[in-house]
1. Would you work out which of PRO212, ALA243, ALA154 lies farthest towards the positive end of the dipole of the stretch 6-264? Charges go on Cβ: Lys and Arg +1, Asp and Glu -1.
2. If each residue's Cβ is checked for other Cβ atoms within 10 Å, how do ASP138, ASP202 rank with the fewest at the top?
3. Just order 28-34, 188-194 by mean Cβ neighbour count inside 10 Å, highest at the front, would you?
4. With the convex hull built on the Cα atoms of the chain, state its orientation-averaged projected area in nm².
5. Sorted by average packing, counted as other Cβ atoms within 10 angstrom per residue and highest first, what order do 113-125, 233-245 take?
6. Lys and Arg at +1, Asp and Glu at -1: add these up for the other residues within a Cβ distance under 11 Å of ARG147 and post the number.
7. How would you rank SER159, SER267, SER216, SER95, going from fewest to most other Cβ atoms within 10 Å of each one's own Cβ?
8. Less than 14 Å Cβ to Cβ from ALA201, Lys/Arg counted +1 and Asp/Glu -1: what total charge do the surrounding residues give?
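What follows draws every value from the coordinates through simple rules; no lab data is involved. Nothing here was measured: the structure is a model prediction, and the numbers come from that model. Positions of Cβ are generated from backbone atoms using ideal geometry, with glycine treated the same way; all protein chains shown enter the neighbour counts.
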Amino acid sequence: MEYSSLKYDTMLDIVPIPAFQDNYIWTLHDRQHAVVVDPGDAAPVRAYLDTHKLKLAAILCTHHHHDHVGGICELAQVYNVPVHGPQHENIPCISHAVGEGDAVAIAELGIRLEVLDIPGHTRGHIAYLGMGAVFCGDTLFGCGCGRLFEGTAAQLHHSLQRLAHLPGDTRVYCAHEYTEANIRFALACEPGNALLKQRQADARALRAAGQPTLPSTIALERATNPFLRCTEAEVIRNAERQAGLELAPGNEVAVFTALREWKNHFS
């Protein structure tokens, strides 16, 4: 399946190339050159580039999990392009290790992306910010967040708060189509949230039409994502009920930790 392009003021198309069961390999291009983010599989990327007669200019990756990096070495070898990735993770074929405060300039597309350290899902997870968009891998999902594989709950909560403080119209490009499942959990956390109910209807309509639920926006995540709403009374109350304990007032990390543990076992 190939989704339609999303066009923005940058004159770039941003296209999700589906991979595996639910991954998106975000591809930025100007109809001549392209950049891919988290290419876990080289085959669909090569097919897309060939079909659209695009020259690959660079590869970006956010963290070391195989479904995000599995295609990097093949693509780097075939196209001889720079590969940017997190400096605190061991990823084969990275040519430019980057971290907080760095920027990635893609001359062919005329863009510059800032690098943010957002650990938690993995120890060295990064995001790329620019053009009014953030490519955040598996840290922030549509109405959810990544699991804690290597970092701590406090780290992931802090990383999510960094993203939550971006401008509200920032478009959120995460790497998996998890939104509908995440909304079901969010409704268990905050059943009284009318915007969340509308988001569920919108997501169902998009998926029924064969379209992705992404990109989201930071404003939409602030309004509906329970992991960004750890100060909301209904979210706290349901987290406490599920955990079977009273959480310390004002302790957002404790609320977040309870929510993340609840989500780990939610079905």
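1. Comparing the listed Cα positions along the dipole, PRO212 ranks first.
2. Details: ASP138 25, ASP202 14.
Result, fewest neighbours first: ASP202, ASP138.
3. Values: 28-34: 19.6, 188-194: 15.4.
In descending order of packing, they fall as 28-34, 188-194.
4. On the way: hull surface 53.2 nm².
Approximately 13.3 nm², given one-decimal rounding.
5. 113-125, 233-245
6. On the way: positive: ARG260, LYS263; negative: ASP138, GLU150, GLU261.
Value of the local net charge: -1.
7. Details: SER159 25, SER267 5, SER216 22, SER95 12.
The most exposed by this proxy come first: SER267, SER95, SER216, SER159.
8. On the way: positive: ARG184, LYS197, ARG199, ARG204, ARG207; negative: GLU180, ASP202.
Charge balance near ALA201 sits at +3.
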